[in-house]
Amino acid sequence: MRTEAEAAGPPLEPGDFVQLPVPVIQQLYHWDCGLACSRMVLRYLGQLDDSEFERALQELQLTRSIWTIDLAYLMHHFGVRHRFCTQTLGVDKGYKNQSFYRKHFDTEETRVNQLFAQAKACKVLVEKCRNVHQHQ
């Protein structure tokens with residue numbers, strides 16, 4: 001199915017996209033969309049063992065506050081080659097007043113900024129990209 005923006009542009013040709021048989025894994029809670037996506041990627045790659053995934057979450061201390069940088073560390077933990085492109089190297093202060101983040105924002109800000117600061121030393125590839133939605 002094409003979005004309105006895609007429909008307004010030139011028609012897609014067979015070589016313009018790749019469709020992968022990524023399995024669907026539903027979220028368990030309202031806050032774990034990133035973890036569900038990570039499980040789908042790992043299952044597609046044949047690397048998902050539920051008990052190993054749970055151990056990784058404990059080892060990386062991932063609880064109910066999951067930021068995208070956490071997912072980058074999780075993928076690195078499982079040896080998935082990736083590059084995390086972000087507009088903000090660190091916490092985007094614009095999230096501070098959103099209800100989901102408000103309660104723990106200050107403590108999470110420190111933790112998340114430390115993950116960004118340690119990423120290179122931990123071999124987690126993070127790059128600042130001007131517009132992460134444009135193809136390079």
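Show the residue pairs that are 6+ apart or on different chains and have beta-carbon atoms under 6 Å apart, the first residue being within region 41-70 and of a type in the set (S, T, N, Q), the second being part of a helix (DSSP H, G or I). Sorted first by the residue in region 41-70, then by its partner, the pairs are S65/E108.
Restricting Q47, Q87 to residues that are under 23 Å from R130 (Cβ atoms), of a type outside the set (D, E) and either modelled with pLDDT under 85 or exposed (fewer than 12 other Cβ atoms within 10 Å of the Cβ) (or both) narrows the list to Q87.
The values are calculated or read from the model by the stated rules, or taken from the named source; none is laboratory data. In this text, all values refer to a predicted model and were calculated from it rather than measured experimentally. Methodologically, a virtual Cβ is constructed for each residue, glycine included, from the backbone with ideal geometry; neighbour enumeration extends over all protein chains shown.
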